[in-house]
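K.L.:
Next up is a structure, given as structure tokens.
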Amino acid sequence: MAFRFLLVSLNIEAILGEVTISERRRKLKMAKGQHLRDAYEATLERMRGQKEGRSALGMEALMWVLNAERPLHTSELCHALGVKKGSAELDSENIP
């Protein structure tokens, strides 16, 4: 059941990301019959298509979420992303 909700959520995000009604309708037609794997792949492609810094940040956030032992709160994820590799301390100016 949770997977269906996630699929719907990913599809809605993709549809609303379009700027015109025509493009939104096209995305809506594409979403019909789409499987969760397809939605994940499309989401990853959108992430990779962003500017380098945003793309890297998105992938890093995804890794934190996937490897966490429990669901992270938004503030916890932001703080985790604020600690850079090789550093043991949080730089408050580095929190996204």
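The values are calculated or read from the model by the stated rules, or taken from the named source; none is laboratory data. Here the structure is a predicted model, which is why all the values come from computation and not from measurement. Quick reminder, even Gly has a Cβ in these numbers, built from the backbone with ideal geometry, and neighbours come from all protein chains shown.
K.L.:
Where residues in segment 74-96 are charged (D, E, K, R) and in a helix (DSSP H, G or I), which of them is farthest from LEU10 (Cα to Cα)?
P.N.:
Among those residues, the one meeting the criterion is GLU93.
K.L.:
So, LEU16, is that one aliphatic (A, V, I, L, M) and free of Cβ contacts under 8 Å to residues at least 12 places away in the same chain or not?
P.N.:
Criteria met by LEU16.
K.L.:
Could you check segment 15-73 for helices (runs of 4 or more DSSP H) lying wholly inside it with 2 or more residues that are small (Gly, Ala, Ser) and either under 20 Å from PRO96 (Cα atoms) or in contact with a strand residue (DSSP E or B) (Cβ under 9 Å, 6 or more places away or on another chain) (or both)?
P.N.:
52-67
K.L.:
LEU81 passes all but one of (1) surrounded by 14 or more Cβ atoms within 10 Å (Cβ to Cβ); (2) touching a residue at least 24 places away in the same chain (Cβ under 8 Å); (3) in the same structural domain as LEU10 (by TED's automatic domain parsing); which number fails?
P.N.:
Unmet for LEU81, out of (1) surrounded by 14 or more Cβ atoms within 10 Å (Cβ to Cβ); (2) touching a residue at least 24 places away in the same chain (Cβ under 8 Å); (3) in the same structural domain as LEU10 (by TED's automatic domain parsing): (3).
K.L.:
Now for a different question. When residues of segment 49-73 are filtered for being surrounded by fewer than 12 Cβ atoms within 10 Å (Cβ to Cβ) and over 23 Å from ALA14 (Cα atoms), how many remain?
P.N.:
Total satisfying the criteria: 5.
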